[in-house]
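Let me begin by presenting the structure, written as structure tokens, before commenting on it.
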Amino acid sequence: MTMTKQTLLNDLKKEVLQCKKCRICKCNQVFSCGNCDSKIMLIGEAPGKDEVKNKKPFVGAAGKNLTSYLEETDIDRESDLYITNVVKCRPTPIDNPNKNKKPDNGEIRNCLPFLLKEIEIIKPKLIVLCGGTSYGALTNKKSFKISDIRGKIFKINLNSVNCDAITIFHPSYLMQYANENQISQTKDDLKLIKSYLDLK
Ligand code: URA
């Protein structure tokens with residue numbers, strides 16, 4: 001009997017929910033959302049407070065910003081995308097559990113096998129790397145500028161999956177720091193991303 005994508009994902013989710021590899025694992029794991037049969041997989045950094053509360057990626061301020069960019073491009077986040085994060089727990093500093101921090105290398109390393117399994121299950125045609133953490137985690141590159149790499153389609157080879165990938169500015173960067181040009185570049189990137197929905 002072949003297992004369906006949904007069954008495989010449910011099994012993986014159970015593993016993620018039981019994980020205790022890092023200090024930040026405190027029953028605050030957030031798995032994925034969207035359509036597991038989508039051709040496009042969008043990968044963010046890690047959940048924040050709102051994501052943990054709702055048990056769903058990209059539902060806080062950055063998520064709302066992402067959703068409005070997607071809507072403007074006529075991409076439906078629930079039916080057109082599978083959405084997940086590199087790190088499944090909310091990274092917080094040791095001395096302040098109410099603040100967010102960037103996931104560190106150990107947290108990324110511990111969580112990466114889950115993401116690689118997700119990619120193997122979903123088999124996307126396009127991976128959208130949302131910001132530097134997901135680009136760095138999946139390419140192993142350490143020194144890059146998002147403004148140099150964004151918007152360019154490249155091939156990515158991960159275990160048994162060979163597909164296209166593209167990097168975009170992270171929506172929380174866009175909210176806080178982006179200039180008009182970067183906003184317009186992101187809209188162009190999303191149009192390119194949308195064209196993958198029409199692929200066979
Ligand atoms: N929410 C997420 O789920 N991921 C991010 O990268 C940012 C906010």
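The values are calculated or read from the model by the stated rules, or taken from the named source; none is laboratory data. In this text, all values refer to a predicted model and were calculated from it rather than measured experimentally. Backbone-built Cβ (ideal geometry, glycine too); neighbour counts: all protein chains shown. Just so you know, the surface numbers come from the protein's heavy atoms only, side chains and all, with ligands and any DNA or RNA stripped out. Shrake-Rupley method; radii C 1.70, N 1.55, O 1.52, S 1.80 Å.
Give me a count of the residues in the range 186-197 that are open to solvent by 30 Å² or more (accessible area, probe 1.4 Å) and over 14 Å from Lys152 (Cβ atoms). Walk me through how you get there before you give the answer.
First, pick out the residues of the range 186-197 that are open to solvent by 30 Å² or more (accessible area, probe 1.4 Å): 187-188, 191-192, 194-195, 197.
Still in the running and over 14 Å from Lys152 (Cβ atoms): 187, 191, 194-195, 197.
Matching residues across the range 186-197 total 5.
Show me the strands (runs of 3 or more DSSP E) entirely contained within the range 112-180 in which 2 or more residues are out of contact with any Asp or Glu (no Cβ under 9 Å at 6 or more places or on another chain). Explain how you work it out, then say what you get.
Details: elements: 126-130, 154-158, 161-168.
Ranges flagged: 161-168.
Looking at the range 84-102, can you tell me whether even one residue there is modelled with pLDDT of 95 or more and in a strand (DSSP E or B)?
Yes, because at least one residue in the range 84-102 is modelled with pLDDT of 95 or more and in a strand (DSSP E or B).
Would it be correct to say that Val16 is open to solvent by less than 50 Å² (accessible area, probe 1.4 Å), β-branched (Val, Ile, Thr) and in a helix (DSSP H, G or I)? Break it down stepwise before answering.
Values: open to solvent by less than 50 Å² (accessible area, probe 1.4 Å): yes; β-branched (Val, Ile, Thr): yes; in a helix (DSSP H, G or I): yes.
Answer is yes for this residue.
Do you know which residues across the range 46-62 are in a loop (DSSP other than H, G, I, E, B) and open to solvent by 60 Å² or more (accessible area, probe 1.4 Å)? Give the steps one after another, and end with the answer.
To start, the set of residues in the range 46-62 that are in a loop (DSSP other than H, G, I, E, B) comprises 46-48, 55-60.
Selection gives Lys55, Lys56.
Hydrophobic (A, V, I, L, M, F, W, C) and open to solvent by less than 20 Å² (accessible area, probe 1.4 Å): which single residue out of Ile168, Ile149, Ile183, Ile121 fits that description?
Checking each option against the conditions leaves just Ile168.
Would you tally the residues in the range 63-82 being within 16 Å of the ligand (Cβ to nearest atom) and open to solvent by 20 Å² or more (accessible area, probe 1.4 Å)? Full working, then the answer.
Applying the first criterion (within 16 Å of the ligand (Cβ to nearest atom)) to the range 63-82 yields 63-70, 77-78, 81-82.
Still in the running and open to solvent by 20 Å² or more (accessible area, probe 1.4 Å): 64-65, 67-69, 77-78.
The qualifying residues number 7.
Where residues in the range 124-146 are among the hydroxyl-bearing types (Ser, Thr, Tyr) and surrounded by fewer than 19 Cβ atoms within 10 Å (Cβ to Cβ), which of them is nearest to Asn10 (Cα to Cα)? Write out each step before concluding.
Of the residues in the range 124-146, the ones among the hydroxyl-bearing types (Ser, Thr, Tyr) are 133-135, 139, 143.
Still in the running and surrounded by fewer than 19 Cβ atoms within 10 Å (Cβ to Cβ): 139, 143.
Values: Thr139: 27, Ser143: 35 Å.
Filtering first and then ranking leaves Thr139.
Could you pull out the residue among Thr84, Thr7 that is among the hydroxyl-bearing types (Ser, Thr, Tyr), more than 14 Å from the chain's Cα centre (by Cα) and at negative phi? Lay out the reasoning, then the answer.
Details: Thr84 fails: more than 14 Å from the chain's Cα centre (by Cα).
Just one listed residue meets the conditions, Thr7.
Of the numbered conditions (1) out of contact with any helix residue (DSSP H, G or I) (no Cβ under 9 Å at 6 or more places or on another chain); (2) at pLDDT 95 or above, Lys26 satisfies every one except a single condition; which is it?
All conditions pass for Lys26, except number (2).
Looking for something within 13 Å of the ligand (Cβ to nearest atom), more than 25 Å from Leu174 (Cα to Cα) and surrounded by 17 or more Cβ atoms within 10 Å (Cβ to Cβ) - is there at least one such residue anywhere in the range 83-106? Quick ask: steps written out before the conclusion?
To start, the set of residues in the range 83-106 that are within 13 Å of the ligand (Cβ to nearest atom) comprises 83-91, 100-103.
Pick out the ones that are also more than 25 Å from Leu174 (Cα to Cα) and you get none.
Looking for residues that are within 13 Å of the ligand (Cβ to nearest atom), more than 25 Å from Leu174 (Cα to Cα) and surrounded by 17 or more Cβ atoms within 10 Å (Cβ to Cβ), one finds none in the range 83-106, hence no.
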